[in-house]
1. Among the listed pairs B:Lys68/B:Lys109; A:Lys101/B:Lys109; A:Lys11/A:Lys101; A:Lys101/B:Lys68; A:Lys78/B:Lys3; B:Lys56/B:Lys109, give every one whose C-alpha distance is greater than 29 Å.
2. Counting only GluC sites (Glu not before Pro) that are in a DSSP loop and have at most 15 other C-beta atoms within 10 Å, tell me the longest site-free stretch of chain B.
3. With bins 5 Å wide starting at 0, give me the P(r) of chain A over every alpha carbon pair, in whole percents.
4. Relative contact order for chain A: what is it in percent, counting Cα pairs under 8 Å that are at least 6 residues apart?
5. How big is the gap, in Å, between the Cα center of segment A:59-115 and the Cα center of segment B:82-108?
6. Quick check on the protein assembly as shown: of the DSSP beta bridges with both residues there, what percent are antiparallel, nearest 5%?
7. Compute and list, largest first, the equivalent-ellipsoid semi-axes of chain B from the alpha carbon gyration tensor, each √(5λ) rounded to a whole angstrom.
8. Loop by DSSP (not H, G, I, E, B), at most 15 other beta-carbon atoms within 10 Å: where is the longest site-free stretch of chain A for trypsin sites (Lys or Arg not before Pro)?
Amino acid sequence: GAGVSQTPSNKVTEKGKYVELRCDPISGHTALYWYRQSLGQGPEFLIYFQGTGAADDSGLPNDRFFAVRPEGSVSTLKIQRTERGDSAVYLCASSPNTGEKNIQYFGAGTRLSVL
Amino acid sequence: ELKVEQNPLFLSMQEGKNYTIYCNYSTTSDRLYWYRQDPGKSLESLFVLLSNGAVKQEGRLMASLDTKARLSTLHITAAVHDLSATYFCAVDRGNNDMRFGAGTRLTVKP
């Protein structure tokens with residue numbers, strides 16, 4: 001079946017602009033996660049949704065970052081007034097949130113470049 | 001705050017050699033994951049370790065978990081070039097979200 005899909009795969013924007021990154025999880029997965037990965041680093045947790053609600057948004061770095069999942073499926077990560085330091089690969093993952101393993105399945109990521 | 005530390009961060013090995021990657025974490029957790037990431041690609045799940053003393057093996061890779069020591073190891077046996085990648089451990093905080101280590105970048109040389 002289809003995996004986690006993220007669009008766009010690459011996004012180049014100018015400092016100060018607004019961007020939206022989209023994640024389409026595996027069908028039936030109730031949990032959805034956003035991470036940010038800088039070059040040479042491990043994924044850094046941003047936010048976790050269980051269904052439509054954000055169960056944990058403690059990883060969002062500041063109020064320029066916001067994410068929604070209005071219907072409990074597709075999620076959008078929104079970044080306002082982008083800064084050069086926001087440049088990174090933004091990864092989305094989903095999991096069924098059932099069973100003891102609860103493996104997270106990752107998308108290919110969106111590479112964001114802020115010029 | 002949960003901290004996850006991996007070492008080494010960089011590892012260069014000869015083909016045919018054995019080596020171990022270590023993953024230490026700072027708070028109690030009974031669920032630990034190992035992922036592999038190839039350059040420019042996303043993360044691929046390798047192992048899920050669910051209890052103290054758990055051991056999982058797949059091909060030349062074997063992972064183990066000691067929850068009392070808060071330590072997991074990923075052992076590589078008779079390395080081959082195809083194993084070159086970055087390996088991450090990730091610890092479940094107990095509420096279905098994970099914290100990742102910085103990764104171990106493995107290069108296997110002929």
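Derivation of every value follows stated rules applied to the coordinates shown; laboratory data play no part. Keep in mind it's a predicted model, so treat the numbers as computed, not measured. FYI the Cβ positions are ideal-geometry reconstructions off the backbone, even for glycines, and counts take in every protein chain you see.
1. Details: B:Lys68/B:Lys109 35 Å; A:Lys101/B:Lys109 34 Å; A:Lys11/A:Lys101 33 Å; A:Lys101/B:Lys68 20 Å; A:Lys78/B:Lys3 27 Å; B:Lys56/B:Lys109 25 Å.
Violating the 29 Å Cα-Cα cut-off are B:Lys68/B:Lys109; A:Lys101/B:Lys109; A:Lys11/A:Lys101.
2. Working: sites that count: B:Glu1, B:Glu15.
So the longest stretch without any such site is B:16-110.
3. Pair shares across the bins are 2, 13, 23, 26, 19, 10, 4, 1, 0.
4. On the way: 292 pairs, mean separation 41.9, N = 115.
Value for chain A: 36 percent.
5. Centre-to-centre (Cα) distance: 18 Å.
6. Numbers: 71 of 80 bridges.
Percent antiparallel among DSSP bridges in the protein assembly as shown is about 90.
7. Values: eigenvalues 107, 41, 28 Å².
Semi-axes (√(5λ), whole Å): 23, 14, 12.
8. Working: sites that count: A:Lys15, A:Lys17, A:Arg64, A:Arg81, A:Lys101.
Within chain A, the longest run free of exposed trypsin sites (Lys or Arg not before Pro) spans A:18-63.
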